[in-house]
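See structure below.
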Amino acid sequence: MFGIRKKLSFPLRPPYSVKEELEILNPFVRRDQIGAMKPYTIEDIRAAEERLHFELPAPIRDLYLVMGDYMCLQSEFYFRALELLRWDGNYLLLAHGVSDNIGFGIKRNDSNATVHEWICSPAITEKEDENDQRSYFHFESDFELCRHKGDTAGMAAAVKGYFDFWEKKKRRSEIARFSRFQNIYAPFTFFWDAFILRFVLRRMAEDADHLNKNKMTDELDQCYFSSRLPRRAAAMKEIRKRIVSPFVPVSSHMEFMIDKKVKDFDNDFYHVLAYIDKEDGCLLLMHPEADYHYYLLTKEPVPYSFVQQIEPKTGLLFYSRNGNGKEKVLALQEEMKAQGLFVPEPIA
C-alpha cells in the first residue's frame, strides 16, 4: 500500500471532462433532501482554487459545477464541500466512503491527476470524546446543515470553525499512516473521470427506489425495474443488441460505461451501465456493483403504458414500484432461470 506496485493494464492519460455526462444524468437525481443547496458556480470554483493554489482537474470541476449539491450531500459516499477542501500534506482530500472509512483525493504534482486512496484516521480522539470537544467533522456537519437551510452566516461560521480547528492541529492528519495507495484494479478506480461517473451512478441507483414517492400513484411512477439480467455472456451480448436507438450509452468513452475488471471471463461478459433516451426523456441505468437489473427513470411520473412503449426498444420488461407489470416480469424470470441464464459463465 505504498503507491503503484504493479504495471497498469491500461494506458496513462490526462483526465477527460465529464460535464456532458453529468448534465445528462442530472435531471434524474433525487433532490427531495437537498433543500436550499445549489451546485457551485465557476466563480466558487476559482475562489477555492485560489485558496488552494491549485487548479482542480476538469472532471472534479465538472462534478462541483453540475452536481455540487447532490454529490456533496453527506451519505454513504460523498464529496467534500468546496469550501472545506484542504491540503493534508501533499494530498487534497476530496471524497469519503463512510462505511469503509476510506478517503479519496489528489496528490500534489501528480501530472495525470489520478485517484489516491487511504484509510482515514479516527475523526475524533479519545481525549476529545471524553472532554466533549468538537472535532473537524462537527464543523463539516454544521456547514452542511446551514447550506441545506440557505443560512450563509451559519455556513461562514462553520467554515471558520473548521479551519480554526486545523490551524490548532497542524500535526494531525486525516490520513492513517502508511495507508496511502493507488488502486490499479480498473480505470474506474484510477482515473477521476471514470471514478466520478461510477459513484454518481451508484448513488442514483441507491436513491432510485426513493425517487419522488410522494408523486407515485396507482398508475403513475418515475422509477421502474427491469426483469433480472442474464449472467451468460451470449445472453448479455443479446441484451446489448436489443437496446436500440433512441437509447444510446450516456458516454462515448465506453471505459466509463463498461466494467471490464473480470479478466478471466469472456470479453462479452458485461452490461453497459447507463443509456439515455433523449427523445422520450428517460434513463436506463444499473448499480455498478450490483448489475442484476436496470432502473428506468423518467423526469416526471409516467403511466405504465408509457413504459410498455419503451420495452420494445430495450428488449426488457419492466414493472413499477406500485406493482404494475410485475407478474409478467416474474414469469419471464422463471423462463430465464429454467434456461440457466442466471448462472455465471465458468472461469476459463
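Annotations
- For region 117-274, the residue among SER135, ALA186, ASN214 whose Cα projects farthest onto the positive side of the dipole built from Cβ charges is ALA186.
- Rounded accessible area of CYS146 (nearest 10 Å², 1.4 Å probe): 20
- Straight-distance candidates among the aspartates and glutamates for linking to LYS326, with alpha-carbon spacing under 17 Å and chain neighbours fewer than 8 residues away dropped: ASP209, ASP218, GLU219, ASP221, GLU311, GLU334, GLU335.
- Largest accessible area first, the listed residues MET236, MET336 line up as MET336, MET236 when surface is computed with a 1.4 Å probe on the assembled protein chains.
- One chain, two ends: LYS127 and SER75. Fully extended at 0.36 nm per residue, the span grows by 16.0 nm beyond their Cα-Cα distance.
- Given charges at Cβ of Lys, Arg, Asp, Glu: region 121-210 dipole, positive-most of HIS148, VAL200, TRP166: TRP166
- With N as its number of residues, region 195-280 has a Cα radius of gyration that, divided by 2.2 N^0.38 Å, comes to 1.25.
- Between ASN26 and LYS326, the modelled label-to-label distance comes to 3.6 nm, taking each label 7 Å out from Cα in the direction of the beta carbon.
- DSSP loop GluC sites (Glu not before Pro) with at most 13 other Cβ within 10 Å excluded, longest remaining stretch of the chain: 77-218
- Per residue, region 266-327 exposes 41 Å² of solvent-accessible protein surface, assessed with a 1.4 angstrom probe and all protein chains in place.
- For the chain, the carbon plus sulfur part of the accessible surface works out to 51%, probe radius 1.4 Å.
- Set of lysines near LYS299 by C-alpha distance (under 18 Å), chain-local residues within fewer than 8 positions excluded: LYS213, LYS215, LYS278
- Counting only residues at least eight positions apart within a chain, or on another chain, the aspartates and glutamates with an alpha carbon under 17 Å from that of LYS19 are GLU43, ASP44, GLU55, ASP62, ASP69, ASP193, GLU255.
- Separation of the MET254 and LYS213 label points, Cα + 7 Å toward Cβ, nm: 3.9
- A DSSP coil position with no more than 14 other Cβ atoms inside 10 Å describes the following trypsin sites (Lys or Arg not before Pro) in region 15-122: ARG108.
- Computed magnitude of the charge dipole of region 4-94 (debye, nearest 20; Cβ of K, R +1, Cβ of D, E -1): 500
- Rg/Rg_globular for region 274-345, with Rg_globular taken as 2.2 N^0.38 Å and Rg from C-alpha atoms: 1.18
The values are calculated or read from the model by the stated rules, or taken from the named source; none is laboratory data. Since the model is a prediction, treat every value here as computed from it, not as a measurement. Heads up, the Cβs are rebuilt from the backbone with ideal geometry, glycines too, and the neighbour counts pull from every protein chain shown. Surface accessibility is based on the protein's heavy atoms, side chains included, excluding ligands, DNA and RNA. Shrake-Rupley method; radii C 1.70, N 1.55, O 1.52, S 1.80 Å.
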